[in-house]
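The values are calculated or read from the model by the stated rules, or taken from the named source; none is laboratory data. Nothing here was measured: the structure is a model prediction, and the numbers come from that model. Backbone-built Cβ (ideal geometry, glycine too); neighbour counts: all protein chains shown. Note: areas computed on protein heavy atoms with side chains; ligands, DNA, RNA excluded. Shrake-Rupley method; radii C 1.70, N 1.55, O 1.52, S 1.80 Å.
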Amino acid sequence: MLLTADQCHRAAQSHDPRFDGVFFIGIATTRIYCRPICPARISKSSHRRFFASAAAAERFGYRPCLRCRPELAPGKASVDAVSHLAVAAALRIAAGALNGRSVSALARELGVSERHLRRALEREIGVSPVELAQTHRLLLAKRLLADTALSVTRVAFASGFQSLRRFNTTFRERYRLSPSEVRRTARTSSAHSRSTERAVTPSDPVRELFPLTLAYRAPFAWNEILKSIERSALPGMEVVQGKRYARTVRLGDHSGVIVARNAGSPASTAPLAARTHLEIEISLSLLPVLMALLSRLRRFFDLDAEPAVVDAHLAQGGLGALVETHRGIRVPGAFDAFEAVLTALLEGARPGFIRHHQLAERVVQALGDPIDSGIPGLDRLTPTASRVAAAGAEVLSALGVPPTRARTLVAVARALANGDLTLEPGGEVGAAQRALLDIEGVSERLAARIAMRTLYWPDAFAFDDAALQRAAGVTGRGALRAQAERWRPWRAYAAQHLWLRDADASP
């Protein structure tokens, strides 16, 4: 860990929510591990053991606390990790890459040997790929048992287990509790909502939603991230309604909807640790891909950011006034790589908010598959890269996309569909940007924006972006590059502040 034992002891004593998910505390006498914000009585310092991850704690025989529930803790920002390989592998494993697949298959996807992948994860995270995957499955299962009324069988398969027997055996071996015991404990501490119980016997698995929560570290500039999402939203598959965001989702052969709202509020009088989460509603039809869905949602809303660290750094870099206005700014991620490409290219195709959305609506309605979501304004799934590539530039031009931009969009779609271009979180940023720039019509500004959203990279920045130059008060890419050096390694967050300033200054 980057923290010392003394720092961890102080954070545990204060229950400081800024360290939630940064490390975990194992209690040697009970063999239970907790979050730094656990409400339980503080143990003696001599009984505490500190771990950089839940998987590391479980490797040493500790089971998760039933009160603070480590499975709800936010994760770590990608900039905190040293090895790009470990980051990429950990992100894919968290999204279910080893559910029903081998470590060797994952290693091939990452372009390394299985031995090298195992060594990298052992060195950076302290566990093997299989152990890390097992921890993710068990923590998700524990969460579903506690927060929903889904059957144990559904919980097992939604968590990535390939058989109910294996799930029950592993759960008992690791946690020294049965799944039913965890559920009974959860029910005695809090009653299930009616909406959760209705989700057990749905009439329509797309329309029937079940609730979960996603934790983050406060503060969270929710209004600002909604504003950013709304400006580039694709009509028919995304909608911002007041303080709520809803969208359609397709993962593999499964489709449905999600709805998100912020449970926390600056005006709330509840304790900080009790209101640092998003409330999510998810279609039951998405249960088979739940692990991948939750992983994507965490990146989409940038929930693993550490805003206190980012804000302090940017304030020291000369953006103090902006940070004070928009504390806890987040960088919207990409739910899907091609969706981010489509958004970026259509947004630049027609200047102006209204014309962009009209153009995007035409493309989505023509090339996106229909879905009966039950939510007004959501009737299409995102057009896929293969669908757009097959349609060709002429079809896009007929829909109103300028010919040059249409050819660029088709070229990127083909590259993604053929596997010639890979835009995955944790991927090598330089290689991805070079591959994008090799495609005719992709500018540095577009490449940076796409990398920012798809690669989950907090230092992405477009020096040729006129809006960033205006907001920074400089002229030319060289001057902006020099100024932006002070904001590394969080230049993407600086860009969000500057875009907001430029938008507020626009007539």
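The table below gives the values:
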item: Magnitude of the charge dipole, segment 416-507, Cβ model with Lys/Arg +1 and Asp/Glu -1, debye to 20; result: 400
item: TRP457 accessible area, assembled protein chains, probe 1.4 Å, Å²; result: 70
item: Per-residue SASA entry for GLU428, accessible area with 1.4 Å probe, Å² rounded to 10; result: 100
item: Cα gyration tensor, the chain - rounded (a/c under 1.5), prolate or oblate; result: prolate
item: Selection from PRO129, GLY426, GLN496, by position along the positive dipole direction of the chain (Cβ); result: PRO129
item: Average accessible area per residue (Å²) across segment 336-431 - probe 1.4 Å, nucleic acids and ligands excluded; result: 43
item: Heavy-atom accessible area order for HIS84, HIS9, largest first, 1.4 Å probe; result: HIS84, HIS9
item: Net dipole in debye of the chain [+1 Lys, Arg Cβ; -1 Asp, Glu Cβ; about Cα centre; nearest 20]; result: 1660
item: For segment 295-339: span of alpha carbons on each principal axis (Å, largest first); result: 34, 17, 15
item: Heavy-atom accessible surface of the chain: percent carbon and sulfur, 1.4 Å; result: 51
item: Overall form of segment 20-160 per C-alpha gyration tensor (a/c, 1.5; a/b vs b/c); result: oblate
item: Segment 149-190 shape via C-alpha gyration tensor axes, a/c threshold 1.5; result: oblate
item: Residue-averaged [θ]222 nm for the chain, counting only DSSP H segments that reach four residues, each worth -39500 (n - 2.57); result: -14000 deg cm²/dmol
item: Residue among GLY21, HIS313, ALA186 farthest towards the positive dipole end of the chain, charges placed on Cβ; result: ALA186
item: Pairwise Cα inverse-distance average, inverted: Kirkwood Rh of segment 1-99 (Å); result: 14.0
item: TRP499 accessible area, 1.4 Å probe, all protein chains in place, Å² to nearest 10; result: 50
item: Rounded tilt (10° steps) of 290-300 against the dominant C-alpha axis of the chain; result: 60
